[in-house]
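Colleague: Before we start, here is the structure in question, set down as structure tokens.
The values are calculated or read from the model by the stated rules, or taken from the named source; none is laboratory data. Fair warning: this is a prediction, and the values are worked out from it, not measured in the lab. A quick note on method: Cβ atoms are made from the backbone with ideal geometry, for glycine too, and the neighbour counts reach across all protein chains shown.
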Amino acid sequence: MRPFHLVAFDLDGTLVDSAPDILPALNQMMASLGKAHVSLLQVQQWLGNGMAVLIQRALTGELCPDHYDVSEFEQAQQLFVEFYQQTNGAATRLFDQVPEVLARLSQRYPLAVVTNKPRQFTAPLLRNMGIARFFSALWCADDVAKAKPEPDMLLALARQQGVSTADILLVGDSENDIFAARAAGMPVIALSYGYNHGQPIAHSNPDLVLECFSLLPDAISSLEQER
Ligand SMILES: O=C(O)COP(=O)(O)O
Ligand SMILES: [Mg+2]
């Protein structure tokens, strides 16, 4: 039995379903550039690698956007930032049981958010969803050199909090969370309901896969028992 010292959460697809606000912002961007609309399903499959990659995926229609026009991308990014500022939080919803479980876990562990979302959208969204108060640390993609799947933000969190990465549990929804956790030497639990490029998250071999957030406290206890 070895307790965790901190629990870190991914945001999009783990705590919040944000695709319903990202979709209209992306489609306003596409319309402004004279391009065809994208679908909710596409957005759900393209989320997870941060804002720049999401925009490149929308512009090319491809998950691995090798070739895109750099000046069109820069214009698109400015447009997306402007439009997402207006939609961020409007239709985004917390997944089932998120505030209840965070309230319970926060009695026991310091909690953190580690997200590929830019900070300018993350901080207001956490406040708007009423969950900012549960977190004592926040690391976003633009706070570090490389976003997840690189481990930069997980290592920065561990350094900042003076906690070994092996004593931090990451909770995420995407292979990017699993790869980052593995590279940082962190145990990781995955939620199966989030965004993972249309693939089952079990394929990325997290320590545990859960179907709903309410199962988290018991799952954390069982991982602690096995350590
Ligand atoms: O912005 C994204 O693409 C995903 O953000 P996340 O790391 O909170 O899932
Ligand atoms: Mg996510």
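Colleague: Only one of these is modelled with pLDDT of 95 or more and under 24 Å from S214 (Cα atoms): Q97, Q42. Name it.
Modeller: Values: Q42 fails: under 24 Å from S214 (Cα atoms).
Step by step, each of Q97, Q42 is checked, and only Q97 is modelled with pLDDT of 95 or more and under 24 Å from S214 (Cα atoms).
Colleague: Applying the selection to the range 77-103, what residues are closer than 27 Å to R57 by Cβ, hydrophobic (A, V, I, L, M, F, W, C), part of a helix (DSSP H, G or I) and away from ligand 1 (no atom under 16 Å from the Cβ)? Break it down stepwise before answering.
Modeller: If we filter the range 77-103 for residues that are closer than 27 Å to R57 by Cβ, which is where we start, we get 77-95, 98.
After this cut, where a residue has to be hydrophobic (A, V, I, L, M, F, W, C) as well, the list is 79-81, 83, 90-91, 94-95, 98.
Still in the list and also part of a helix (DSSP H, G or I): 79-81, 83, 98.
The one that is closer than 27 Å to R57 by Cβ, hydrophobic (A, V, I, L, M, F, W, C), part of a helix (DSSP H, G or I) and away from ligand 1 (no atom under 16 Å from the Cβ): L79.
Colleague: Looking at the range 40-59, I want the residues that are away from ligand 1 (no atom under 12 Å from the Cβ) and have a partner that is among the aromatic types (F, W, Y) with Cβ atoms under 6 Å, at least 6 apart or on another chain. Which pairs are those?
Modeller: Pairs that qualify, where the first residue is away from ligand 1 (no atom under 12 Å from the Cβ) and the partner is among the aromatic types (F, W, Y), are L59/Y68.
Colleague: Filter the range 60-76 down to residues that are in contact (Cβ under 8 Å) with a residue 40 or more places away in the chain and part of a helix (DSSP H, G or I) and give me whichever is surrounded by the most Cβ atoms within 10 Å (Cβ to Cβ). Break it down stepwise before answering.
Modeller: Filtering the range 60-76 for residues in contact (Cβ under 8 Å) with a residue 40 or more places away in the chain gives 63, 75-76.
Keeping just the survivors that are part of a helix (DSSP H, G or I) gives 75-76.
Values: Q75: 14, A76: 23.
Checked the range 60-76; the qualifying residue surrounded by the most Cβ atoms within 10 Å (Cβ to Cβ) is A76.
Colleague: Let me ask something additional. Would you please name the residue that is farthest from ligand 1 (Cβ to nearest atom), looking only at residues in the range 159-183 that are among the small types (G, A, S) and buried (at least 23 other Cβ atoms within 10 Å of the Cβ)?
Modeller: At the first step, the residues of the range 159-183 found to be among the small types (G, A, S) are 162, 164, 166, 172, 174, 180-181, 183.
The next check asks that each one be buried (at least 23 other Cβ atoms within 10 Å of the Cβ); those that pass are 172, 174, 180-181.
Details: G172: 7, S174: 6, A180: 9, A181: 12 Å.
Out of the qualifying residues, it is A181.
Colleague: Are there any pairs with C-beta distances below 6 angstrom linking a residue in the range 1-26 that is more than 15 Å from F135 (Cα to Cα) to a residue that is at pLDDT below 95 and more than 12 Å from ligand 2 (Cβ to nearest atom), with the two at least 6 apart or on different chains, and if so which?
Modeller: R2/R227
Colleague: I'd like the full set of residues that are within 14 Å of ligand 2 (Cβ to nearest atom), part of a helix (DSSP H, G or I) and in contact with a Pro (Cβ under 7 Å, 6 or more places away or on another chain), limited to the range 104-142.
Modeller: A141
Colleague: Against the conditions (1) within 16 Å of ligand 2 (Cβ to nearest atom); (2) assigned to a helix (DSSP H, G or I), where does M29 fall short? Just the number, please.
Modeller: Of everything listed in (1) within 16 Å of ligand 2 (Cβ to nearest atom); (2) assigned to a helix (DSSP H, G or I), M29 misses just condition (1).
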